[in-house]
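Single-structure report; data block below.
The values are calculated or read from the model by the stated rules, or taken from the named source; none is laboratory data. Everything numeric in this text was worked out from a predicted model, so none of it was measured. Note: ideal-geometry Cβ built from the backbone for every residue, glycine included; neighbour counts use all protein chains shown.
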Amino acid sequence: MRTFSKIVPILMAVLFALPARAANRDAVPELIEGAPSYVRFSPIFIPIIQGDRVTRQVGVTLMLELIKGQEKSPVEEKRLQLNDAFMRDLYAFFQQRAGVKGADIDETYLKDRLLKVADNVIGGKAVREVLIQQFFEQNK
């Protein structure tokens, strides 16, 4: 009887935990019909080169907010091109500022710049805003 009273709570905990493990934690929920869609990108790492060596590394995680009613499929089809274009533009942006010590990043300017990049790749006005989810810098 003691074994049964120990096994039942363990089995119940396992059974209740199984649906939670099946949830897709990376999915961005769309809770309300007609609400904007979002497309999340993996982190982009940019090396900052000064002279003949990498002096620091910048990491940026982006998410695109699509215009209300815009389908994700045209953006998803161009995900690789978008990622490449973002990487090139971010590299140029940070490399231009490589020698400036203590310079703050103008987030509004950077977001507008990345929005133009997205519009050039996708064509048309599918993206409402480029959101910067994470930004970090590591000295080497």
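Looking at segment 108-140, which of the residues that are among the hydrophobic types (A, V, I, L, M, F, W, C), within 26 Å of ILE49 (Cβ to Cβ) and touching a residue at least 60 places away in the same chain (Cβ under 8 Å) is surrounded by the fewest Cβ atoms within 10 Å (Cβ to Cβ)?
PHE136
Can you name the condition, by its number, that MET63 falls short on among (1) under 17 Å from GLU129 (Cβ atoms); (2) modelled with pLDDT under 95?
Failing condition for MET63: (2).
Of everything in segment 52-89 that's of a type in the set (Lys, Arg) and in a helix (DSSP H, G or I), which residue is surrounded by the most Cβ atoms within 10 Å (Cβ to Cβ)? Even if it seems obvious, please write down each step before you answer.
First, the residues of segment 52-89 that are of a type in the set (Lys, Arg): 53, 56, 68, 72, 78-79, 88.
Add one more test, that the residue is in a helix (DSSP H, G or I), and what stays is 79, 88.
Numbers: ARG79: 15, ARG88: 12.
Across segment 52-89, the extreme among qualifying residues is ARG79.
Which numbered condition in (1) in a strand (DSSP E or B); (2) at pLDDT 90 or above is the only one that ILE49 fails?
ILE49 satisfies every listed condition except (2).
Output yes when any residue across segment 96-105 is touching a residue at least 12 places away in the same chain (Cβ under 8 Å), within 17 Å of VAL121 (Cα to Cα) and surrounded by fewer than 14 Cβ atoms within 10 Å (Cβ to Cβ), and no when none is. Give the derivation first.
Start the filter on segment 96-105 by keeping residues that are touching a residue at least 12 places away in the same chain (Cβ under 8 Å), which leaves 98-99, 105.
In the following step, the residues that additionally are within 17 Å of VAL121 (Cα to Cα) were identified as none.
No, every residue in segment 96-105 fails to be touching a residue at least 12 places away in the same chain (Cβ under 8 Å), within 17 Å of VAL121 (Cα to Cα) and surrounded by fewer than 14 Cβ atoms within 10 Å (Cβ to Cβ).
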